[in-house]
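**Q** Dumping the structure here so I can ask a few things about it.
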Amino acid sequence: MNPKNLSALGYGLLFIALLAAPLLGAYPVFVMKLMCFALFASAFNLLLGYTGMLSFGHAAFLGGAAYAAGHSIKVWGFTPEVGLLLGTASGALLGLIVGFFAIRRQGIYSTMITLALAQMLFFVCLQAPFTGGEDGLQGVPRGKLFGLIDLQNDLAMYYVVLAVVTAAFLLIVRTIHSPYGQVLKAIKENEPRAISLGYDTNRFKLLAFVLSAALAGLAGSLKTLVLGFATLSDVHWSASGHVVLMTLVGGLGTLSGPLVGSAVVVLLENKIGDLGELLANVSGIAWFQTLGESVTIVTGLIFVVCVLAFRRGIMGELIAWLTRLRAGKKA
Amino acid sequence: MSDVILETQHLTKEFKGFTAVSDVTLSVRRGSIHALIGPNGAGKTTCFNLLTKFLEPTSGTIRFNGHDITREAPAQIARRGVIRSFQISAVFPHLTLIENVRIGLQRKLGTAFHFWRSERSLRQLDERAMQLLTEVGLEDLADELTVNLPYGRKRALEIATTLAMEPELMLLDEPTQGMGHEDVDRVTQLIKKVSAGRTILMVEHNMKVISTIADRITVLQRGAVLAEGAYAEVSSNPQVMEAYMGTTDGQLQGAH
Amino acid sequence: QEKVKIGFITDMSSLYSDVDGKNGALAIQMAIDDFGGKVNGKPIELLSADHQNKADIAATKAREWIDTQGLTMLFGGTNSGTALAMAQIANEKKRVFMVNGAGGSALTNEQCTPYTVHYAYDTVALAKGTAGALVDQGGKSWFFLTADYAFGQLLERDAAAVVKSKGGTVAGAVRHPLNASDFSSFLLQAQNSKAQVLGLANAGGDTINAIKAAKEFGVGKSMKMAGLLVFITDVHSLGLKNTEGLLLTTSWDWNLNDQTRAFGKKFFEKTKRMPTDIQAANYSATMNYLKALQATKTEDADKVMAYLKSTPLDDFYAKGTIRPDGRYVHDMYLMQVKSPAESKQPWDYYKVVTKLPGDQVFTTKAESKCALWK
Amino acid sequence: MATVSANTPALEITNLQAWYGESHVLHGVDIVVQPGEVVTLLGRNGAGRTTTMRAIMGLTGARKGSVKINGVETVGMATHRIAHLGVGYCPEERGIFSSLSCEENLLLPPLLKTGTPGMSVDEIYTMFPNLAERRHSQGTRLSGGEQQMLAVARILRTGAKLLLLDEISEGLAPVIVQALARMITTLRQRGYTVVMVEQNFRFAAPLADRFYVMEHGRIVERFGASELAEKMPVLNELLGV
Amino acid sequence: MEIFGVSLPAMLSQLLLGLVNGSFYAILSLGLAVIFGLLNVINFAHGALFMMGAVITWMAMNYLGIGYWWMLVLAPLVVGVFGVVIERLLLRWIYKLDHLYGLLLTLGLTLLIEGLFRSFYGVSGLGYDTPELLEGATNLGFMMLPNYRAWVVVVSIVVCIATWYVIEKTKLGAYLRAGTENPRLVEAFGINVPVMITLTYAFGAALAAFAGVLAAPVYQVSPLMGQNLIIVVFAVVVIGGMGSIMGSILTGLGLGIVEGFTKVFYPEASSTVVFVIMVIVLLIRPAGLFGKEK
Ligand SMILES: Nc1ncnc2c1ncn2[C@@H]1O[C@H](COP(=O)(O)OP(=O)(O)OP(=O)(O)O)[C@@H](O)[C@H]1O
Ligand SMILES: Nc1ncnc2c1ncn2[C@@H]1O[C@H](COP(=O)(O)OP(=O)(O)OP(=O)(O)O)[C@@H](O)[C@H]1O
Ligand SMILES: [Mg+2]
Ligand SMILES: [Mg+2]
């Protein structure tokens, strides 16, 4: 089987699994949250993996949009679909602003600029009255989609999220394999040369930024809708760090990496206590029970291990392994 | 249309008190191969950088096809049809050869920002891309990754990509540098070939190349024009010999 | 359902993990053990989780426990954002929601629900308690050092209102950003205001750093310092040298009487630290909840809530009643930090200045915006 | 340390193999250079000449075989220690430091304890007047040719006796190329050992004592200056000279 | 005399206080710049190393009875050695990779270090007293300046200038700068670059720890004390441009002062002001105040 068919099969199976998940007893809210983060990570990866720009401020887009969507739905009484659109748009707008500054510098400087600007937004959200400060924006109603489908029903909500996330993911796939994606690749490889071929590279990079931010915004808005609130932790820099971790764990610059990575990280974050409990019971070592309180230590450890030993991430390693296997067969 | 395609007037570039290009007035005739030579540090590359706006001139004007382009951005100038190559090879290393060339062709399609369109829409360019690769003798390597090429071939690829832009004016900075003799000859012929229907301005130290293809030569020294004329004329100029060739015995030949 | 499950979600690894955290969970477990580990014939199980101060983790965890584990009661720890998120879910899913660590008065005010019990303290009580008592003692003019976010502003607003209502004045206020680390500049401004009292409307690290800098600049010599939200752990980490004379309000101290000392001792043996008022409240709340289950012979949230709201509580932690809005009304204490000489043993930090009657320090019916209490 | 007798070669490479990552570039190179000799490595683009130079310095990925400098085995030795055996390396890409001024670049390589002092700064400035003029300029702001001069000049100062010069005539005006040729002649008279990689055959031909021709990571031809004339047809075929 | 309704003495005192914070920014951004220079690593762990300096100082006092003055030397030494370990064990493997990985590795390291310290010491922090010699305050006429703060300003400026001198004016500094660009080539000239890199990281770490010791008596010593600082220091670095060592020193001090004034005129913005300045600077000079355009 060639790799293309194989991956198509993989995505197909994943999609079917997601379709069936709530019917098979998976906990829908949790899976929805997973999907939101998967979209967030994919959006982030669109920027980093395909243009080489590392944004350390993606929380701004996630959180900013989450507040915008939440506020418009809760306070202005917008319908969920309008709220989502508005959230996405505000993500895009923030992306435009941050991107405008970030593309002025290269590499790590640009990264630090995104971090700093996101930090600014954090302070704004901390103080702005509509965000509810550290209490967060609570009690956002899910409402009725198009006035018809009652999203209060977890199952309905679930399939809406699945549809939206799938569509957004397909858009990302298409973007990467588009004429525009080709130019992005070229810019990533050799920017001065791209300029000399008549490409106004800044505008391409800016568009990439806006696209990525818009999709991150969509993820944030969806998350608000699903969970019913938006809080400061969405705009905090650690959320930006998180999405980097997800992408890294899954495999940077691979399409499937962020999906896998976000699943692993979110699961870990939510289940590490249970895992520790289990380990403690199985092994009889009481220390494992403290695992639940050491999420940051474990997260830190994953970062270190990933960077040192596992740089291509789960999917990256898998792909490399498959390629080697095929090469071996050929030889 | 006038037969001067590019013209500079009193072009000057200063770096913190050091004048790298001083008062250069140059006109390049349409359809010619115009060479810029001069000792190291004479300001040739700087001149190129000014013409393509990779550097901002301190004073002076640049006119291309009668338009004043002195204040335009690099990408804008490129879109006018002024394309340069770099002194150090400039390719997209992790794209295949054909993709490299396609990047050059793609801009004209006008779909460069279309992130919703399929990559397959670029297939229509493949034929032209192969043609260009064939022109520089790289047709067999079309699907190789560019990183794996030796230096000389990268330069050839670079020329193919530049050609894809169908430039009116091509600026080549030492196109044969770092090449073996075989390659030098091939690239020289290539330049000659592609000069049909366009103008070429090149910097080159290899006198053999210059004597074979250049129609007109401008000699720079310390940022200023020292002499200008056809090869025979310039090469017998004692000042040029003294400053550049290093031998005044009249027998002009390159180091090569 | 063969088990009674109590789910405790709090900050165990981050900013507020000292005041509540895993020792908070331990306090709950102590209550369960002391109760006998069983209620109505069913074993009691404690589930606990770290929400890392992220509301989404808190909410998903809560929802999941209720949906998949059949949680009987939800117990929320520090941080108002997470507590509010959990309150919504407890309300939606009809579960008793006890909350201690979080101070946000919105829990029983704008965002009150029939299932929330706000047990230990809230921002209103802290502000009213400290400000009211101090003005009564002659501290008429105030300067506020306020953390510039909702919580700090709320504290300042409530305290300032009390000061004014009692005839005092507010000489000024400076709003500092969250986690400002350096307070010298603000303190200089406070000093220049010539006010009598410096009110610290902030929390955690901000309060600690502000107190430290105040000591360095000798602010304490010219002004009385009043912390609106100070925990015994803060005093412990700053040391008495830095905190001596500081005024603050708390719902409980281990050194109040024999009963409290007994609990403190028991707790100390397990953790090597004295309990904060939150941790003590965790114990007390759990105990009273279990008693309610026993008394009502059911786990039905509505019935348990009805019982809790109709039965006066009385234990080593406090005496009082739970109001219709969910607020547990009990006395609070205005404390002053002892000087190193006065302190007789480790963790002996507070002396009681006044007891603040519960009906005066918490929100009044007139002030309340809670629909359940109209 | 092995005793350096009169007939210990300055450089002795046996069966040298080298890799860049997973790509195997040198497949067993053998070169011997006696003290005081000037040897030129010829070959087409990509033949592996630069790689040979880099492998001598220990700058490639992995390397195998044997590289002896004055009789001392260097495979397995750290690069900086190889340099201290008295080797000066002028890389193909010049390697001028942009954060250093022209003069700082010149003074950067530490003096080596080889027993013979290198050229003085004044001598160098006389040889390359451009450098004297631009001495306070930022290194990478020099023109291409000036950078090339600087890269060569830099290692003449250190007292290294074995010079590895990769395409030093590249991009230089004929005047300067001639100056370089004179320089190499001078160096040879002073007893330096020089290994050059050259594309520019006319530049190298009159200077070298011996020639090696490389192809696909192997030495395919070796001959002395005296045999040059008779080897021309072979060279023509191999290099298209 | 008054400026915008604030008296001149008050202004002066705020200026002095701003300088104190600026000193911390300067030392930290200096260390960051030096490490970034040679290792090409954005050392996110800088905040954690700063914290370690402070915590170790506290530990020495409480467990071993070693006082402040000793720790001024010992803490940087200990953290420097720790830096050597980090560099040898971890950073060594990622130099050839994109900056990204350095940032991520050190971020992970930060979480790890902070997490560990937190599990031992909690978060509310540990108190550390001002050394006796520097207790009290000096009356400057317009303000009472605590002696300790004056000491911080003086000592950090001295340290900064000494570092600047070594890097910009000595041969060792030239090796460092060259190694920054092309370590392999510098090594081919006979310089032991790997050792140089290790020592540079150790030095950067020691600088951070030194700032940590200086901070111990001023700020509450806590496992999280570096976290917020580091982001501000990043902004300082972007504003300064990381192009020059002097640049990071001046920018650090300057921003401390600007921040100080903001605390008087518009305190709410005092932690955002740095970022606002960053945006303005980037609009005018994309390479930062002292950065060199490449
Ligand atoms: N950015 C700059 N700052 C300062 N001086 C510069 C800068 N760029 C070039 N120069 C100086 O200007 C002069 C001309 O440089 P230029 O690169 O144009 O020379 P060139 O003619 O291309 O030489 P070569 O043939 O050696 O490449 C040189 O002396 C160089 O040092
Ligand atoms: N860093 C590298 N990674 C992988 N392959 C490389 C690398 N550098 C060179 N190569 C490959 O090694 C082979 C030999 O290259 P080398 O640079 O030694 O050739 P050369 O004889 O010096 O040619 P040139 O005239 O181009 O300088 C070439 O095929 C080249 O593509
Ligand atoms: Mg040039
Ligand atoms: Mg080469």
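**Q** When the Cα atoms of segment A:1-132 are enclosed in a convex hull and the volume is divided per residue, what value in Å³ results?
**A** Dividing the Cα hull volume of segment A:1-132 by its residue count gives 139 Å³.
**Q** What translational diffusion coefficient, in µm²/s and rounded to a whole number, does the Stokes-Einstein relation yield for segment E:29-224 at 10 °C and a viscosity of 1.306 mPa s, taking the hydrodynamic radius as the Kirkwood radius over Cα pairs?
**A** 89
**Q** Per-residue accessible area for residue C:361 at 1.4 Å probe radius, Å² rounded to 10?
**A** Ignoring ligands and nucleic acids, residue C:361 comes out at about 10 Å².
**Q** Go through E:36, E:110, E:194 and say which Cα lies farthest out towards the positive end of the charge dipole of segment E:29-224; charges sit on Cβ, +1 for Lys and Arg, -1 for Asp and Glu.
**A** Of the candidates, E:194 comes out farthest on the positive side.
**Q** Can you show me the helix-derived [θ] at 222 nm for the protein assembly as shown, built from DSSP H runs with n ≥ 4 at -39,500 (n - 2.57) apiece and divided by the number of residues, rounded to the nearest 500.
**A** Calculated from helices alone, the mean residue ellipticity at 222 nm is -16000 deg cm²/dmol.
**Q** Here is a follow-up. Can you give the average number of partner chain beta-carbon atoms within 10 Å of each beta-carbon in peptide A:227-237, as a whole number?
**A** Neighbouring Cβ atoms belonging to other protein chains average 6 per residue here.
**Q** Also, quick follow-up: Quickly rank E:187-195, D:49-57 as a protection proxy: mean count of other C-beta atoms within 10 Å, highest first.
**A** Most protected by this proxy first, the peptides run D:49-57, E:187-195.
**Q** Which ³J(HN,Hα) values in Hz, rounded to whole numbers, follow from the phi angles of segment C:272-282 under the Karplus curve 6.51 cos²θ - 1.76 cosθ + 1.60, where θ = phi - 60° and Gly and Pro get x?
**A** 6, 9, 7, x, 7, 5, 5, 5, 4, 5, 4
**Q** Quick one: give the max-minus-min coordinate of the C-alpha atoms of segment B:90-166 along each principal axis, largest first, in Å.
**A** 36, 22, 20
**Q** Computed from the mean reciprocal separation of all distinct C-alpha pairs, what Kirkwood hydrodynamic radius does segment E:114-191 have, in Å?
**A** Values: mean 1/r = 0.0586 Å⁻¹.
The answer is 17.1 Å.
**Q** Give the Cα extents of segment E:1-75 along the principal axes, in whole Å, largest first.
**A** Computed over the Cα atoms, the extents are 49, 38, 16 Å.
**Q** Mind giving me the FRET efficiency for residue B:148 and residue B:14? R0 is 41 Å, r the Cβ-Cβ distance, nearest 0.05 is fine.
**A** 0.45
**Q** At 1.4 Å probe size, with the rest of the protein present, what percent of the exposed accessible area of the protein assembly as shown is carbon and sulfur atoms? It would help to have the intermediate numbers written out before the result.
**A** Numbers: 31370 of 53470 Å².
It is 59 percent, rounded to a whole number.
**Q** Which value, in Å², gives the accessible area per residue of chain C when a 1.4 Å probe is used on the protein heavy atoms?
**A** 32
**Q** If every alpha-carbon in segment C:219-374 counts as one equal scatterer, what log10 I(q)/I(0) does Debye give at q = 0.09, 0.17, 0.21 1/Å?
**A** Reported log10 I(q)/I(0), two decimals: -0.36, -1.05, -1.33.
**Q** Rg over Rh of segment C:291-374, using C-alpha atoms and the Kirkwood radius, what does it come to?
**A** Rounded to two decimals, Rg/Rh equals 1.13.
**Q** Still on this structure, please answer the following. Could you check the spin-label model distance between residue E:195 and residue D:75? Points 7 Å from the Cα along Cα→Cβ, value in nm.
**A** 2.7
**Q** Leaving out ligands and nucleic acids, note down the accessible area per residue over segment E:29-224 with a 1.4 angstrom probe, in whole Å².
**A** On a per-residue basis, 35 Å².
**Q** Over both sides of the B-A contact, add up the buried accessible area with a 1.4 Å probe and give it to the nearest 100 Å².
**A** Interface between B and A: roughly 2700 Å².
**Q** In 10 Å bins starting at zero, report the fraction of Cα pairs in segment A:187-240 per bin as a rounded %.
**A** Percent of Cα pairs in each bin: 21, 34, 21, 18, 6.
**Q** Give the peptides E:34-41, C:143-150 in descending order of average Cβ contacts within 10 Å, highest first.
**A** Values: E:34-41: 23.6, C:143-150: 26.2.
Listed from highest to lowest mean packing, they are C:143-150, E:34-41.
**Q** What does the convex hull of the Cα atoms come to per residue for segment D:116-236, in Å³?
**A** 123
**Q** Considering the options D:87, C:328, A:69, tell which one lies farthest towards the positive end of the dipole of the protein assembly as shown, charges being +1 on Lys and Arg and -1 on Asp and Glu at the Cβ, about the Cα centre.
**A** Sorting the options by dipole projection puts first C:328.
**Q** While we're on this one: Quote the charge dipole size of segment B:95-250 about the Cα centre in Debye, to the nearest 20; the model charges only the Cβ of Lys and Arg (+1) and of Asp and Glu (-1). Provide the component values of the computation, followed by the final result.
**A** Working: 17 positive and 23 negative charges, 113 e Å.
Magnitude of the dipole: close to 540 debye.
**Q** With the convex hull built on the Cα atoms of segment D:86-186, state its orientation-averaged projected area in nm².
**A** Approximately 5.6 nm², given one-decimal rounding.
**Q** While we're on this one: Obtain the radius of gyration and the Kirkwood radius of chain D from its C-alpha atoms and give Rg over Rh. Please list the in-between numbers first.
**A** Values: Rg = 17.3 Å, Rh = 18.2 Å.
In chain D, Rg relative to Rh is 0.95.
**Q** Using the reciprocal of the averaged 1/r over all distinct C-alpha pairs, how large is the Kirkwood radius of the protein assembly as shown in Å?
**A** After inverting the mean inverse Cα-Cα distance, the result is 35.8 Å.
**Q** If you take the Cα atoms of segment C:181-259, find Rg, then find the Kirkwood Rh from the mean of 1/r over all pairs, what is Rg/Rh?
**A** We get a ratio of 0.99 for segment C:181-259.
**Q** Binning every alpha carbon pair distance of segment A:157-225 at 5 Å from zero, what are the percents per bin?
**A** For segment A:157-225, the binned pair fractions read 4, 15, 22, 19, 13, 11, 8, 5, 3, 1 percent.
**Q** Cα atoms only, segment C:31-109: Rg and Dmax in Å?
**A** In order Rg, Dmax, the Cα atoms of segment C:31-109 give 13.0, 36 Å.
**Q** How many lysine pairs are close in segment A:20-328, with Cα atoms under 24 Å apart and the two 8 or more places apart or on different chains?
**A** Lysine pairs satisfying the spacing and distance rule in segment A:20-328 number 10.
**Q** Using alpha-carbon pairs under 8 Å, 6+ residues apart, how would you state the relative contact order of chain E in percent?
**A** On the way: 433 pairs, mean separation 109.5, N = 294.
That works out to 37 percent.
**Q** Work out the length of the dipole vector of the protein assembly as shown about its Cα centre, built from +1 on the beta-carbon of each Lys and Arg and -1 on the beta-carbon of each Asp and Glu, and round it to the nearest 20 debye.
**A** Here the size comes out at about 1000 debye.
**Q** In sequence order, what are the phi-derived ³J(HN,Hα) couplings for segment E:81-96 according to the Karplus relation 6.51 cos²θ - 1.76 cosθ + 1.60 with θ = phi - 60°, rounded to whole Hz, with x for glycine and proline?
**A** 5, 4, x, 4, 4, 4, 5, 5, 7, 10, 4, 2, 7, 10, 4, 6
**Q** Continuing with the same structure: Can you pull a Stokes-Einstein diffusion coefficient for segment A:20-328 at 10 °C (1.306 mPa s), Rh from Kirkwood over Cα pairs, as a whole number of µm²/s?
**A** The diffusion coefficient I find is 79 µm²/s.
**Q** Another question about this same structure. For segment B:90-166, what relative contact order do you get, as a whole percent, if you take Cα pairs closer than 8 Å and at least 6 residues apart?
**A** Result for segment B:90-166 is 51 percent.
**Q** Order of C:24-37, E:249-262 by packing, highest average Cβ count within 10 Å first?
**A** Ranking, from highest mean packing down: E:249-262, C:24-37.
**Q** Just counting partner chain Cβ atoms within 10 Å, what average do the residues of peptide B:109-121 show around their Cβ?
**A** Mean partner shielding for this stretch: 6.
**Q** Can you pull the mean other chain C-beta count within 10 Å for peptide D:98-111? Could the numbers behind the result be given before it?
**A** Details: counts 7, 12, 7, 1, 0, 0, 5, 2, 0, 2, 9, 8, 5, 1.
Taking all residues of D:98-111 together, the mean is 4.
**Q** Here is a follow-up. Express the accessible area of segment A:130-268 per residue in Å², computed with a 1.4 Å probe while the remaining protein chains stay in the model.
**A** Per residue, segment A:130-268 has an accessible area of 27 Å².
**Q** Next question. Using a Förster radius of 25 Å, what is the FRET efficiency between residue B:192 and residue D:231 based on their Cβ-Cβ separation? Nearest 0.05, please.
**A** 0.20
**Q** Please identify the chymotrypsin sites (Phe, Trp or Tyr not before Pro) of segment A:57-96 that satisfy two criteria: DSSP loop assignment and at most 13 other Cβ atoms within 10 Å. Which are they?
**A** Counting only loop positions with at most 13 other Cβ atoms within 10 Å, the chymotrypsin sites (Phe, Trp or Tyr not before Pro) in segment A:57-96 are A:76.
**Q** Here's another thing I want to ask about it. Summing both sides, how much accessible area is buried between D and B? Use a 1.4 Å probe and give Å² to the nearest 100.
**A** What D and B bury together is about 2200 Å².
**Q** Still on this model: Taking 30 Å as R0, compute the FRET efficiency from the Cβ-Cβ separation of residue A:277 and residue E:62 and round it to 0.05.
**A** 0.30
**Q** Using a probe radius of 1.4 Å on protein heavy atoms only, what is the accessible area buried between chains A and E, both sides summed, to the nearest 100 Å²?
**A** Counting both chains, the buried surface is close to 3500 Å².
**Q** For residue C:221, go through the lysines and keep the ones whose alpha-carbon is under 19 Å away, minus same-chain ones fewer than eight residues off.
**A** List returned: C:140, C:194, C:212, C:241, C:338.
**Q** How big is chain B in terms of Cα radius of gyration and Dmax, in angstroms?
**A** My reading of the Cα-based Rg and Dmax gives 18.8, 66 Å.
**Q** Using only the alpha-carbon atoms, what does chain C span along each of its principal axes? Please give whole angstrom values in decreasing order.
**A** Per principal axis, max minus min of the Cα coordinates gives 64, 44, 34 Å.
**Q** Given N residues in segment C:120-177, what is Rg(Cα) / (2.2 N^0.38 Å)?
**A** Against the compact-globule rule of thumb, the ratio is 1.05.
**Q** Just want to confirm a number: the relative contact order over chain A, from Cα pairs under 8 angstrom separated by 6+ residues, in percent.
**A** Working: 521 pairs, mean separation 94.6, N = 331.
Taking the mean separation of contacting Cα pairs over the length of chain A, I get 29 percent.
**Q** Related question: Note down the magnitude of the dipole of segment E:29-224 about its Cα centre, charges +1 on Lys and Arg C-beta and -1 on Asp and Glu C-beta and zero elsewhere, to the nearest 20 debye.
**A** The dipole of segment E:29-224 has a size of about 400 debye.
**Q** Just how many % of Cα pairs in segment D:36-111 lie over 13 Å apart, if you round to the nearest whole percent?
**A** When all Cα pairs of segment D:36-111 are counted, 73 percent exceed 13 Å.
The values are calculated or read from the model by the stated rules, or taken from the named source; none is laboratory data. From a predicted model like this one, the values you see are computed outputs, not experimental measurements. Cβ atoms come from the backbone with ideal geometry, glycine included; neighbour counts cover every protein chain shown. All accessible areas refer to the heavy atoms of the entire protein, side chains included, with ligands and DNA or RNA removed. Shrake-Rupley method; radii C 1.70, N 1.55, O 1.52, S 1.80 Å.
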